[in-house]
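Trainee: Attaching a single structure in structure tokens format; questions to follow.
Computed from the coordinates by the stated procedures, all read-outs in this text should not be read as laboratory data. Values in this document were obtained by computation on a predicted structure and should not be read as measured data. With ideal geometry, Cβ positions are generated from the backbone for all residues, glycine too; neighbour counts draw on all protein chains shown.
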Amino acid sequence: MDTSVHDPLVGQVLDGRYRVESRIAVGGMATVYRAVDTRLDRVLALKVMHPGLAADTGFVERFIREAKAVARLAHPNVVGVFDQGTDGTYVYLAMEYVAGCTLRDVLRERGALQPRAALDILEPVLAALGAAHRAGLIHRDMKPENVLIGDDGRVKVADFGLVRTVDTQTSVTGAGALLGTVSYLAPEQIEFGTVDPRTDVYACGVVLYESLTGRKPRGGGTPMQVIYQHLNEPMPAPSAALPGLAPALDGLVARATERDPLARPADAVELLAEVRAVRGTLTAGQLDGPPTDRPGAVLGAAAPAAAGSEDPTGVLPLPTATPPYGTGADFGTGGGDDTTTQLNRTSRLVMPPPPPPGAPERRRGPRPGRRGPIAVALVLLALLGIGAGVWYVSDGQFTRVPGVLALPRADAERKLSSAGLDTKVRLDFSLTVPRGSVIGTDPAPGKRVRGNGTVTLTVSKGPRQVRVPGVKGRALAAARQELKSAGLAPGIVKKAFSDDVPGGQVISTDPAGGAERAPGTPVAITVSRGAPVDLPDVVGEPVDDARQDLTDAGLKVVVAPDPVFSDQADKDTVAAISPTGDLGAGDTVTLTVSKGQELFDVPEVTGKKQGDAERILKAAGFDTRVINLFFGQTVFSQSPDGGGQAPKGTTVTLWVR
């Protein structure tokens, strides 16, 4: 049913210019309409803020200020902002209209996407966000609903309505309020209310997971259950939902959704570079494997956290650190992360702090007697001791592991030492973390550890190196398989002659056997053509004799169907042979048969002046020789005679008198 007919704005003209034709979508903060600019006669999208938010003057002023900043962001993958204005209680943005659908529509219809399609959509999204980040803007509400896919295949990022500048100090609309969509909020966005380009990177990692698996990574009956997972659990690997996905895709999602923001790519530009690097390592089979062939593929809107769920942007109270609370019964009354909910609890259990020294005891009953002050003091001291003991046992003897991911080893050790922690180091390979920098810690960043405890640093040894196997003398197919088994990629194949390696076997590789290279490195292979064959000189020989000579030399012979004229070879003998370079046993040569010399008509020049006769003969392709008798000027005889035939270049003798 078309709900547009029940919308009071449909049919109206806003600001005397924009005629509202139909409702497109309703979000948590605004409604989007299809409208016509009556001045320029063009279709556009009109985004009208909900009246409840439009009544907040501070929110509207910031919305207008930041919308102007987005309007200056000209990028082919960003939905353009044309105009902004107010009409009575309506605050609106006039934006580019993109005919097509959203990524949410695609996921709801198709479920999990092939990795190639998921990356084809993610790359222009990151290009758009990268332009915004480098311009000092943060989106803050990246999700499939805000990725538009045009009918012409173009991908555009929409709904920069929550955008703010990087140097803004807070992401809240008011005291204790948090803007965003629960499924895509970064941990630091939830816990501290702060945002930077890495919060958009986190949301893009969630979108990539959802595109690859067809479902959201976080499930839960209430928003707080989803928030708890954001803060306390690592992002699940896509391959856990769809076995068979490439491990590199798991790593890409993990990097983008690290709970420690310092461990993520700094902005969308860096994440785009990583996406392209990972894509370059994937085979066609890994990119194009059909998602429905994998166990657990989700098609359509299946399960509470399926891709078909709609996620309205909401205004949520910012979680505070006021203890204590239970294990989930008081998390709110919402219906999962798809509903805007009043969040009144944090996602971490916090022990109550000890009462402050000297705090009066609240008690009921009769007033104390003569011993009352002493008893009160003793009770207070006991409470203080108990509180301090509880605090020390539960929290006082612990510290939090500082974030040191991606730092050089020496810097990480200094930072941990400053926090009173000892370190142990283990080495491991990494495709993305430079040699000597920290890949991870145990315990993880932010986890509690005793104040004098030990943190194990995992330091990168750089990309894993594999030894190139020695495949000299192997058949080509066997050599290819051995290189693949070693984790390398068979590269281009060249052929060369060899006196000691039989034809079809490997002479050498580049890099050579025994060298160490990163996994996936292409290895060029040189294959033997065998020893070179001495090509007999058969030009001028009868065809049958030439065929026998070449066959005896180990060559295959074919005869060209069309004979040719030849000044060197007699008729029915070999006029030419091809190829004439180095040949190996079993190579094929082609013989061309001679038709003999080509003959041309000799002009008749008897009776002509000597000069005229020479010009005529030279024009016909003949040379001339003159014998002058008695110093005359007239040709009285020629040889060969005029009217006959001779090969071009033949010398015609002229007698002159």
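Trainee: For the range 1-112, rounded, prolate or oblate, judged on the Cα gyration tensor with a ≥ b ≥ c (square roots of eigenvalues), a/c < 1.5 rounded, else prolate if a/b > b/c? Walk me through the numbers before you get to the answer.
Mentor: Details: a/c = 1.36, a/b = 1.20, b/c = 1.14.
Rounded shape, in that the Cα axes give a/c under 1.5.
Trainee: Going by C-beta contacts inside 10 Å, put 211, 528, 430 in order with the fewest on the left.
Mentor: Values: 211 26, 528 23, 430 20.
Final ranking by Cβ density, sparse to dense: 430, 528, 211.
Trainee: Moving on. Please order 212, 44 by the number of other Cβ within 10 Å, starting at the fewest. Intermediate values should be presented prior to the final figure.
Mentor: Details: 212 27, 44 20.
Ranked by crowding around the Cβ, least crowded first: 44, 212.
Trainee: So, one more: Quick query: amide H of residue 559 versus all other amide H atoms, modeled in the peptide plane; which residues come in under 5 Å with a sequence gap of 5 or more or a different chain?
Mentor: Result for residue 559 returns 591.
Trainee: Next question, about the same structure. For an R0 of 25 angstrom, estimate the FRET efficiency from the Cβ-Cβ distance between residue 444 and residue 273 and round to the nearest 0.05.
Mentor: Working: r = 25 Å, r/R0 = 1.01.
Efficiency computed from Cβ-Cβ geometry: 0.50.
Trainee: Within 10 Å of each residue's Cβ, count the other Cβ atoms and sort 541, 145 from fewest upward. Mind showing how you got there, number by number?
Mentor: Values: 541 17, 145 20.
Final ranking by Cβ density, sparse to dense: 541, 145.
Trainee: Any lysines with Cα under 21 Å of the residue 484 Cα? List them, leaving off those in the same chain fewer than 8 positions away.
Mentor: Filter leaves 472, 494, 495.
Trainee: Rank by packing, highest mean first: peptides 415-422, 529-536, with packing defined as the count of other Cβ atoms within 10 Å averaged across residues.
Mentor: Details: 415-422: 14.8, 529-536: 17.0.
Ranked from most to least packed, the peptides come out as 529-536, 415-422.
Trainee: Using 7 Å Cα-to-Cβ label points, what is the residue 572/residue 38 separation (nm, one decimal)?
Mentor: 9.9 nm
Trainee: While we're looking at this one, here's another question. Could you give the dipole magnitude of the range 466-530 about its Cα centre, charging the beta-carbon of Lys and Arg +1 and that of Asp and Glu -1, in debye to the nearest 20? Write down the numbers at each step before the final one.
Mentor: Working: 9 positive and 5 negative charges, 35 e Å.
The calculation lands at about 160 debye.
Trainee: So, one more: Considering only the range 523-657, what is the antiparallel percent among its DSSP beta bridges, to the nearest 5?
Mentor: On the way: 15 of 26 bridges.
For the range 523-657, the DSSP antiparallel bridge percentage is about 60.
Trainee: Sort 197-208, 478-489, 51-62 for me by packing, meaning the mean count of neighbouring Cβ atoms within 10 Å per residue, highest on top.
Mentor: Working: 197-208: 26.4, 478-489: 16.4, 51-62: 13.3.
Those peptides, ordered most packed to least, come out 197-208, 478-489, 51-62.
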